[in-house]
Every structure is written in structure tokens, then in C-alpha cells.
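Taking it in order: structure first as C-alpha cells, then the write-up.
The values are calculated or read from the model by the stated rules, or taken from the named source; none is laboratory data. What you see is a predicted model; the values in this text were computed from it and never measured. Cβ placement follows ideal geometry from the backbone for every residue including glycine, while neighbour counts extend to all protein chains displayed.
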Amino acid sequence: MRALVVGGSGGLGAAFVSLLTTDSRFNHVTAWSRSAVSVGGDKTCTRPIDLRDEATIAVASQELGAVDVVLIATGLLHDNDMKPEKTWRSLEPATMMRAFEINAIGPALIAKHVLPLLPRDRRAVFAALSARVGSIGDNRLGGWYSYRASKAALNQIIRTLSVELAVRHPLAICVGLHPGTVDTGLSKPFQAGVPEDKLTTPAIAAARLMDVIARLTPQDSGKVFDWQGNVVPE
């Protein structure tokens, strides 16, 4: 099998690349990232892309060929210029645009160029990292407007992709994945209140999510699953 990891230089993305390159079921792993990918081995190749630049995605897709498993391990919650909003008074158009650009539009553009490369004659999986905070029904705390809304948009994109995919590739599966709280740069500023047994290493999180993926069927397409294999409320 062949796999693609988008965001291969990130904490969880790099863990996916490392795991896949040691998995005998996969004979080729491609890692796309804006930054250099430092993990992988002889059966791994890397390509630079920018989720905000569709042309880079198109070029990389032309070099990709058929792929059985696609993992989008990208996401933006905060950086030096962006913090999760605690109140509506903090809402800024530029911040919201950046969150949607990375968390929703980028994965949609990956799907546009990569879904046609999934095989039609066997099982294939397209999975994007989502988040429980993207669940509308599960939102009881409020805050984090841009991140919540952009992940909710991603979940809707996944559902909509799955409807079209069922017609074009009946054996394919399109899902969102919630990894839990993983010890990466994305969660680092918010780990103080997380119990030690709830904070997961990237390697363990990647292995758990791959186990979830292994159990999925086409009937699961369009849903979001957490690391335990449970469906996240819409």
C-alpha cells in the first residue's frame, strides 16, 4: 500500500510518518509539509506544499500517483500572532480567516486534488485531524470561536466529501479523527489543566488512530471518530 501524510513535519504528522515507514503493509510513504520533514526512511519521499497555496498542492499531487491512505495532520490553534478567543470581544476577521484557511480550506483543497487518486477497486481511506471542540452538540464551554468554527466547517466538508466519494469510489472512506490531547506544540500552552493520564505522546496517538482507521468500513464514511473509535457528536 501507499500512504500520504500531509503535515509530516508536525508532532503528530511526524509520528504518522515514522509509524507508516515501519509498517510492512506500506511500501511507500509520501510526506507533504511546508517545513522540512526530518523522519522517514528509504521508502519515504517528501514534497514541500503550502495549504494556503493551491498551486503547490496541485504540483505535488501530479507527482503522487495512486494512494491508499491519506492522513491530513495539520491544524492551527495559536501562534505568535493568534490566540484562541475567550470572548466575542476578541473576534478579529484576520484571525478567523487564518483559522479557516488552515483548518478547513486547506484540507478541502487537499481533497480536491488527492481524492481522484484513491483506487476504485479496493478499500481506501482519507482522514483529516479534527477536534472534539468542533462538535456543535458537544459545545458546553464556549470560547475558542475561530478554532471551533473552523473545525466544525472541516467536519461538514468531510461529511459532504463522503457523499460524493460514495458515488465515485464506493469502497473508500472519508472521516475526521480526534486524537485527544497530544503533547505537541498545538496543545502546549493548554496542558496545565490536563491530567497526566490524558496527555498522550504523538507516537501513541498515531498508533491509536491507525488502529481506528483499520476498523473503519465504508458505512463509517462522513463521521468523526475519537482515538477510542467512538463517534464524536455532530
Checklist outcome for this item: Reported set for the stretch 24-34 where residues are within 16 Å of MET1 (Cα to Cα) and either of a type in the set (Ser, Thr, Tyr) or surrounded by 14 or more Cβ atoms within 10 Å (Cβ to Cβ) (or both) is SER24, PHE26, HIS28, VAL29, THR30, ALA31
Next on the checklist: Suppose we keep only residues that are of a type in the set (A, V, I, L, M) and within 29 Å of THR217 (Cα to Cα) within the stretch 89-106. Which one would you say is farthest from the chain's Cα centre (by Cα)?
Outcome noted: ILE105
Item to check | Hey, ARG120 within 29 Å of PRO170 (Cα to Cα), charged (D, E, K, R), more than 19 Å from the chain's Cα centre (by Cα) and loosely packed, with under 15 Cβ neighbours inside 10 Å or not | outcome: yes
Checklist entry - Looking at (1) in contact with a Ser or Thr (Cβ under 7 Å, 6 or more places away or on another chain); (2) surrounded by fewer than 19 Cβ atoms within 10 Å (Cβ to Cβ), can you tell me which one ASN80 breaks? => result (1)
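Per-residue answers, yes or no, for (1) free of Cβ contacts under 8 Å to residues at least 40 places away in the same chain; (2) touching a Pro at 6+ places or on another chain (Cβ under 7 Å); (3) within 29 Å of SER221 (Cα to Cα):
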| residue | (1), (2), (3) |
| --- | --- |
| SER24 | yes, no, yes |
| ALA55 | yes, no, yes |
| ASP81 | yes, no, no |
| THR87 | no, no, no |
| ALA111 | no, no, yes |
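To keep it simple, each residue is scored yes or no on (1) modelled with pLDDT of 95 or more; (2) surrounded by fewer than 18 Cβ atoms within 10 Å (Cβ to Cβ); (3) at positive phi.
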site: ALA36; (1), (2), (3): no, yes, no
site: GLY40; (1), (2), (3): no, no, yes
site: ASP53; (1), (2), (3): yes, yes, no
site: ILE57; (1), (2), (3): yes, no, no
Next on the checklist: Being crowded, with 22+ Cβ neighbours inside 10 Å, small (Gly, Ala, Ser), touching a strand residue (DSSP E or B) at 6+ places or on another chain (Cβ under 8 Å) and over 13 Å from PRO218 (Cα atoms) is the filter here; which residues of the stretch 147-183 pass it?
Outcome noted: GLY176
Checklist outcome for this item: Residue pairs within 9 Å by beta carbon, gap of at least six or interchain, first lying in the stretch 144-160 and closer than 12 Å to PRO84 by Cα, second among the hydroxyl-bearing types (Ser, Thr, Tyr) and outside any helix (DSSP H, G or I), listed first then second, are TYR145/THR87; ARG148/SER135
Checklist entry - Within the stretch 53-87, restricting attention to residues that are over 20 Å from ALA131 (Cβ atoms) and charged (D, E, K, R), which residue is farthest from the chain's Cα centre (by Cα)? => result ASP81
Next on the checklist: Contact list please: Cβ distance under 6 Å, first residue in the stretch 202-231 and closer than 21 Å to ALA152 by Cβ, second residue hydroxyl-bearing (Ser, Thr, Tyr), pairs at least six apart or on different chains.
Outcome noted: SER221/SER162; GLY222/SER162; VAL224/SER130
Item to check | Answer residue from the stretch 62-77, given it is surrounded by fewer than 20 Cβ atoms within 10 Å (Cβ to Cβ) and not charged (D, E, K, R) and is nearest to VAL5 (Cα to Cα) among those | outcome: LEU64
Next on the checklist: Out of the helices (runs of 4 or more DSSP H) lying entirely within the stretch 46-159, which hold 3 or more residues that are more than 30 Å from LEU20 (Cα to Cα)?
Outcome noted: 93-100
